[in-house]
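The values are calculated or read from the model by the stated rules, or taken from the named source; none is laboratory data. From a predicted model like this one, the values you see are computed outputs, not experimental measurements. We place every Cβ from the backbone using ideal geometry, glycine too, and count neighbours over all the protein chains shown. Please note that ligands, DNA and RNA were not included when accessible areas were found on the heavy atoms of the full protein model with its side chains. Shrake-Rupley method; radii C 1.70, N 1.55, O 1.52, S 1.80 Å.
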Amino acid sequence: MSLNGIMMQYFEWYLEDDGRLWTKLKDDANHLKELGITAIWIPPCMKATSTNDTGYGIYDLYDLGEFDQKGSIRTKYGTKEELLEAINVLHDNNIKVYADIVLNHKAAADETQRFMAVEVDPMDRNKEVSEPYEIEGWTKFNFEGRNNKYSDFKWSWEHFNGTDYNQETEKSAIYLILGENKDWAQDVAEEFGNYDYLMFTNIDYKHPDVYNHTLDWINWFIRETKVDGIRLDAIKHINDWFIKDLVLKTRADFGEEFYAVGEYWSVEMPTIESYLSEVDYQLDVFDVPLHFKFHAASYDAANFDMGQLFNDTIVSKYPLNAVTFVENHDSQPNQSLESYVKQWFKPLAYAAILLRKDGYPCIFYGDYYGTLGDNQIKPMADILDKLMGLRQNHAYGRQDDYLDHKHVIGWVRLGDKEHPKGCVVIMTSTEAGEKTMNVGEMHKGEIWIDALGHTEAEVEIDEKGNGIFLVNDGSVSVYICRD
């Protein structure tokens, strides 16, 4: 990541199924560069179950919107040609591209097959609730529309270890597929006894053909698209040794700078710490614990201790591995992991990820441009533009924290040689407040004002470099020198 870099997640769950996203992204590239965006996380760009699939129901990893499969040539977001054009234009604007990669499951198989399986308890997948019997499952993937271009690998039942539907009896259940060396992965999250199985038909990375094919595919994919990094979906459901191997192999092929971030959705810090250790800290992870603190503060401000906002978060313990975020496509209203941060608190939350020293901040498309669907998120481009501008110009150098109050907290960025201006951040989750903070004796006599325009206060810096900085009810202010 570049100094003070900003990632932007360039999609939300309810985007229209119009095939226009890649074109919009290309047209938006210059604007994104001006905002200070240095990397774009794009949605899954592979052929899914249909064009109205957000992309996580993956059908064919080799079809980037090029072949007539699952009812269309394009994906929800456009054609392969439009995708590659968008990536090229982003690169021309010095913006890196991170591709969303879904490797846990496959969906919308072409044919059924018969094989032995056993039903397991959905609440405890280690517990079998039937005798083994033969089922008819959707596990055969032929990709006839692609006709062996790029790869002639065909997926079959032995490449999976779980599925969710028996066509013969039309019964939905979680089925553990039986066969040689078949079981749930053991190095996955322990929720529901074992959380290897999530949805659709679950991929078995213990199968050597699957392991080798997936490593071959990602090499092809990166060469084909020229992406600069990957966002790995649902990593708590995938063997940790496989994720580590994938990242190491990719860096061996494409250089140490190739970026990887994983989605491990858990608020339990010991669980995330254990995972980071198992993968030898080879990838970043999204700071889900911090996101849930934003969520909690926005719903119960009176009882939430803002002084503890950063405690027990990834960014506080593993700053070099933390991608900080406020909202994403899973947390937005009506989604599977809904944990929406209320609108009033979002300026505080974004200041907390954009103006601090540690973490790699990720802006959500839905917060910048708004969302569709029910319970729509309103766009807040104005405040985000200001905060990103402050990150570009003022949020550098040493950070002095004033996290010493239950509701009113602040910090000072003292600047560096290249960016000597610095800034003061103060926020409150309840009533208005003030805090004395020190910006350094070199600023004595200066007048500092709120760059966000939330207060009219003019703060004079005294002989010792102190100023008394004000903040309005449930608000954030960022003070800079008036010059």
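Observations
- Residue that is least open to solvent (accessible area, probe 1.4 Å) [pool: residues in the stretch 385-406 that are of a type in the set (K, R) and farther than 21 Å from S429 by Cα]: R391
- If you go through the stretch 90-120 and keep only what is under 25 Å from the mean Cα position of the chain (by Cα), open to solvent by less than 10 Å² (accessible area, probe 1.4 Å) and not β-branched (V, I, T), you end up with L90, Y98, A99, D100, L103, N104, H105, K106, A107.
- Strands (runs of 3 or more DSSP E) wholly inside the stretch 184-292 containing at least 3 residues that are out of contact with any helix residue (DSSP H, G or I) (no Cβ under 7 Å at 6 or more places or on another chain) and touching a residue at least 60 places away in the same chain (Cβ under 8 Å): 229-232
- Scanning the stretch 311-330 for residues that are among the hydroxyl-bearing types (S, T, Y) and buried (at least 24 other Cβ atoms within 10 Å of the Cβ) yields T313, T324.
- Residue match in the stretch 374-384 (condition: surrounded by fewer than 22 Cβ atoms within 10 Å (Cβ to Cβ), over 25 Å from the mean Cα position of the chain (by Cα) and of a type in the set (D, E, K, R)): no
- The residues of the stretch 1-18 that are assigned to a loop (DSSP other than H, G, I, E, B) and open to solvent by less than 10 Å² (accessible area, probe 1.4 Å), listed by number, are G5, I6, Y10, F11, E12.
- Which listed residue, of I177, I218, is closer than 26 Å to F286 by Cβ and touching a Ser or Thr at 6+ places or on another chain (Cβ under 8 Å): I218
- Residue identified as within 30 Å of A322 (Cβ to Cβ) and either open to solvent by less than 60 Å² (accessible area, probe 1.4 Å) or not aromatic (F, W, Y) (or both) among K80, K70, K33: K33
- Filtered residue count, the stretch 98-120, keeping only those that are closer than 30 Å to F286 by Cα and in a strand (DSSP E or B): 6
- Residue match in the stretch 407-429 (condition: closer than 26 Å to L309 by Cα, in contact with an Asp or Glu (Cβ under 6 Å, 6 or more places away or on another chain), open to solvent by 50 Å² or more (accessible area, probe 1.4 Å) and in contact (Cβ under 8 Å) with a residue 40 or more places away in the chain): no
- Test: residue in the stretch 165-175 that is open to solvent by less than 20 Å² (accessible area, probe 1.4 Å) and either in contact with a Lys or Arg (Cβ under 6 Å, 6 or more places away or on another chain) or among the basic types (K, R) (or both): no
- Residue within the stretch 334-341 that is at pLDDT 90 or above, within 30 Å of H419 (Cβ to Cβ) and either over 17 Å from the mean Cα position of the chain (by Cα) or part of a helix (DSSP H, G or I) (or both) present: no
- Identity of the residue in the stretch 158-183, in a loop (DSSP other than H, G, I, E, B) and in contact (Cβ under 8 Å) with a residue 60 or more places away in the chain, that ends up nearest to E131 (Cα to Cα): L178
- The lone criterion from (1) touching a Phe, Trp or Tyr at 6+ places or on another chain (Cβ under 7 Å); (2) without any contact (Cβ under 8 Å) to a residue 24 or more places away in the chain; (3) more than 26 Å from F242 (Cα to Cα) left unmet by K154 is number (3).
- Enumeration of residues in the stretch 144-195 that are aromatic (F, W, Y) and within 28 Å of Y62 (Cα to Cα): Y150, F153, W155, W157, F160, Y165, Y175, W184, Y195
- Taking the conditions (1) over 19 Å from S475 (Cα atoms); (2) open to solvent by less than 20 Å² (accessible area, probe 1.4 Å); (3) in contact with a His (Cβ under 9 Å, 6 or more places away or on another chain) in turn, C362 satisfies each one other than (3).
- Evaluation of R125 against (1) outside any strand (DSSP E or B); (2) touching a residue at least 60 places away in the same chain (Cβ under 8 Å); (3) under 30 Å from Q335 (Cα atoms); (4) open to solvent by 10 Å² or more (accessible area, probe 1.4 Å) (one fails), failing number: (1)
- The conditions of being surrounded by 23 or more Cβ atoms within 10 Å (Cβ to Cβ) and either in contact with a Lys or Arg (Cβ under 6 Å, 6 or more places away or on another chain) or aliphatic (A, V, I, L, M) (or both) are not met by V267.
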